[in-house]
Amino acid sequence: MQFIYVLPGWEGSAADSRVLRDAISRRNGFVVPRGSYYLVDAGYTNEGIKEAASVIGSEIAKATQLFSKAIGVEAEVSEKRQKIDSEIRKILNLTATEVIKVVCRIAQNHELTDVFFSMNEEGREQLVVAILHGDI
């Protein structure tokens, strides 16, 4: 048998769920390693595990929400870049490097993106030339 965590200081009559709750809530607390199991006796109520699962589930939900938001933002930026790229290729005969440079510059700035899409083709062409010359 190999012990991976020891929590001294509890009296023998303390409820298992209280001891487990204390162990999980500590800074470097008890964690069941991946591929391992937490073994309890038949009389254990499992309340500590349920409580820990609830806390972990809540944290996973928060992380999922943040991750989904980040993916949504990235998808929005990607879509915006594709639209800018499409419009720039209609206007000028640019090298691939120039197109990438202009698309990235316009997509990075929300105000510049709004200005770009509000312009006619001639204005867009002037904006692209200004970006390539370093004026913007």
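The values are calculated or read from the model by the stated rules, or taken from the named source; none is laboratory data. Bear in mind the structure is a predicted one, so any value in this text is a computation, not a measurement. Cβ sites come from the backbone with ideal geometry, for glycine too, and all protein chains shown count toward neighbours. Only protein heavy atoms, including side chains, enter the accessible area calculation; ligands, DNA and RNA are left aside. Shrake-Rupley method; radii C 1.70, N 1.55, O 1.52, S 1.80 Å.
Scan segment 106-115 and give yes if some residue there is of a type in the set (Val, Ile, Thr), in contact with a Phe, Trp or Tyr (Cβ under 9 Å, 6 or more places away or on another chain) and either surrounded by 12 or more Cβ atoms within 10 Å (Cβ to Cβ) or modelled with pLDDT under 90 (or both), otherwise no.
Looking for residues that are of a type in the set (Val, Ile, Thr), in contact with a Phe, Trp or Tyr (Cβ under 9 Å, 6 or more places away or on another chain) and either surrounded by 12 or more Cβ atoms within 10 Å (Cβ to Cβ) or modelled with pLDDT under 90 (or both), one finds at least one in segment 106-115, hence yes.
Suppose the filter is under 30 Å from Ser17 (Cβ atoms), modelled with pLDDT under 75 and in a helix (DSSP H, G or I); does Gly43 pass it?
Spelling it out, it is not the case that Gly43 is under 30 Å from Ser17 (Cβ atoms), modelled with pLDDT under 75 and in a helix (DSSP H, G or I).
For segment 56-88, give me each residue that is open to solvent by 100 Å² or more (accessible area, probe 1.4 Å), within 12 Å of Ala107 (Cα to Cα) and at pLDDT below 80.
Glu74, Glu76
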